[in-house]
Each structure stands twice: as structure tokens, then as C-alpha cells.
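Everything on this sheet refers to the single structure shown next.
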Amino acid sequence: MKKIIKTYKVILGLSGGVDSAVSAWILKILGYNIKCVFIKSWENDDKKTFCNSKKDYKDCVKICKHLKIKLIKINFSNEYWYNVFLTFLNKLKKSKTPNPDILCNKKIKFDIFFKFAIKILKGDFLSTGHYVNKQRIKKNNYILLKGKDKKKDQSYFLHLINQKQLKKCIFPIGKFKKKTIRKIASNINLINSKKKDSTGICFIGKKNFFHFIGKYIKNKPGLILNTNNKILGKHPGLFFYTIGQRKNLNLGGGYKIPYYVIKKNLKKNTLIVAKGKNNKLLFSKGLFLKKIHFIYKKKIDIPFKCKIKTRYQQKELSCTLFAKKNIFKIIFKIPIFAVTPGQSAVFYIKNICLGGGEIYKSIPINKIQKNQ
């Protein structure tokens, strides 16, 4: 790592996790004038054992004291509620499967927090502990690159970032692997060097999804049907399920071949299931997007060939992008499992994250037929 010549002011989002903590240390040894900000984004977790903001904040205080960096605490829970959580609930009600991490990055970290860091705190740059990299192509034109650690790469979650934001961002750990980050944390005696990574939806954590969401969305029980319209059981509400789901169907009967969710019929309030993980009805040959956000504003000739992910940590697969009347149609080279409306389709060329958009509808291999 090369020390900077000019002292820039950097505002770092510190979560209490090891990634942002090591990011703070890296920025400091590089010579930046760094200030850390702890963001409280959820009010209902302080008495829980998971995603506990009080404990995370205490960890941040200890980290900043150890590194001799100033820490500010800011409460964005109201903004999170209206910009992320309510959107999450509304999409669930429409039988979609939204990704709150992507919503949080778009609406909170790289919008509200970004403006707070640059305009209010007068920072030259915003920094986070994401496993991504950036590269300048031309003056004021940047591309988003995958992190070196392919298992931890988080470009999927940042695909909605824009040029203005990317220009002002620093990602200190993008060129490291996770095991190296933990080793650094241990070597510099950070208290969270062995702290487990947060997984799943933070505001739900280890809480039962059914009971948690049931507090905000009224249960609407309906029937579970197979592809012959035979009633197999009942569901408590379509919003508890996603395409490709196997667990919590509670069908009984001791089936040798398990059932998987292949469709949710919102009008009839029915959940359609089919047997076997390799069932063709679980696979799609393509999908539709109503709009696509491209990070680097370069003219793209349609049809356009690239690679795609339709969920995080999925292997990228080749696809071709078509466009007609502001509707984007993507056809896969080989079928993809459990393409889910509400999730994000993110596009790549080699190491470059091009951008992406919310999946509007999948294109099945073939229509549902009896005895499948």
C-alpha cells in the first residue's frame, strides 16, 4: 500500500464488524484524515441477541479508541423504515421477493449517508468495508469491479451505485481476501478479529421469519396445489414463500421426492408446487426487466452479450440482452434455477459489474403441464 500525498478527509461507515474496522486501520496508515460514523438503522433490536445495535456500537467505541479515531453516532432508523422496510413489505404483499440489502445500499448508505458524509461532515470521500474495487476509465468516469475474494465479492449488492457516488467512494479491503482481513485484525489487536459475519436480513436475524413478518402483514391463508390442481395442503400467506423454496411447506405424507415452490398465484392466493429439484418447471430460459441501471454510461449496442447473476453467490452465466419499448428481455445460454420476481439481475463482463435491475418476470422453459 502506498501512502497518499495530500491529506483527504474520509468518512467511514463503521458497523462493528471486522471488515469496516480493518478498513479504518488501512485508511489511517495510508495517511487519510479519517472520521468514523456508526449508523443505527433499526429501533427494535436492542434487547435481542442478534443484530444488536447497542453491542455493535460498543464494539465501534472500543475499535475507535484503540485506533485513536473519532466516532460519531447517527440515527437513520426513521429513514430506513420508510425507504427500505416499508418498500420491503409492499413488495412482499405483491408476492415478490425483495432484497433489503440492495435497497439499503441504494437508499441509505449511498444516498442519505453519502449526502451526510459529503455535505454535512464535509468529507472528501465516503468509505465502506465492502469487498469491491473501483477503477477510473476516463476523467470523472469509473467502473465498479469485483472484490479479490470471489466468495466475499459484494458487487451484486452495489450494482445500483452511480458515477457521482462511485467517484467519491474508497473501498479499502477490495484487494484483500477475508482470511487476510481477519489476520490483519488479529495482528493489530482489534477486539472483533474473530467476530462472526452478519448473515441474512439484519432486522430479522435469527428471529422466526413467519412470526416477524406476521406482525406487519396480515396472514392470508390459501391452498397449496400441485400442477394437476390437486390440493396438497394450506399455506399461511404467499409472502412467506419464494420460488425454489422447499422448507416450511408442511405437506406431510412422507414424500420420497420433495416438493418445491414453482409459482405464486396472487389473484387466486394459491401456492403451486412441483416434485424434484431438477424439475424443469423450476428453471427459466430468461427474464424481463422494466428498467436497467448501468453504472458506466457507455452506449451499449443491442443485442448485447454478457454474464448474469439472478441472486447473490450464484455462478455467473452467459446471456444476451434485448430491448424493445423500454422493456428489457434477457435470454440465458443455459436455464437458471429459481429466477424470482423482486430479486435483482446483475450483469458482468469479466471483473466488471455493469449494473442491473429488478426482475419483473421470469420466462419459463415451458408452461405448466399435468403430471409434472
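In the stretch 180-200 there is no residue matching the filter, namely being touching a strand residue (DSSP E or B) at 6+ places or on another chain (Cβ under 7 Å) and either open to solvent by 50 Å² or more (accessible area, probe 1.4 Å) or in contact (Cβ under 8 Å) with a residue 40 or more places away in the chain (or both).
Beta carbons closer than 7 Å, at least 6 apart along the sequence or on distinct chains, pair a first residue in the stretch 133-145 that is within 20 Å of Ser23 (Cβ to Cβ) and touching a residue at least 60 places away in the same chain (Cβ under 8 Å) with a second that is β-branched (Val, Ile, Thr) and open to solvent by less than 60 Å² (accessible area, probe 1.4 Å) for Leu144/Val132; Leu144/Ile161; Leu144/Ile295; Leu145/Val132; Leu145/Ile352.
For Thr49, indicate whether it is at pLDDT below 95, over 28 Å from Phe212 (Cα atoms), open to solvent by 40 Å² or more (accessible area, probe 1.4 Å) and of a type in the set (Ser, Thr, Tyr). The answer is no for Thr49. Taking the stretch 315-336 as the range and being under 13 Å from Ile292 (Cα atoms) and of a type in the set (S, T, N, Q) as the test, only Asn326 passes. Given the criteria assigned to a strand (DSSP E or B) and touching a residue at least 40 places away in the same chain (Cβ under 8 Å), does Ile330 qualify? Judged against the criteria, Ile330 is a match.
Residues in the stretch 233-259 that are open to solvent by 20 Å² or more (accessible area, probe 1.4 Å), closer than 25 Å to Pro335 by Cβ and in contact with a Gly (Cβ under 9 Å, 6 or more places away or on another chain): Thr242, Ile257, Pro258, Tyr259. The residues of the stretch 211-234 that are more than 27 Å from the chain's Cα centre (by Cα) and not aliphatic (A, V, I, L, M), listed by number, are Lys220, Pro221, Gly222, Asn226, Thr227, Asn228, Asn229, Lys230, Gly233, Lys234.
The values are calculated or read from the model by the stated rules, or taken from the named source; none is laboratory data. Small disclaimer: the values here were computed from a predicted structure and weren't measured. Quick reminder, even Gly has a Cβ in these numbers, built from the backbone with ideal geometry, and neighbours come from all protein chains shown. Quick note on the areas: whole protein, heavy atoms, side chains included, nothing else; ligands and nucleic acids left out. Shrake-Rupley method; radii C 1.70, N 1.55, O 1.52, S 1.80 Å.
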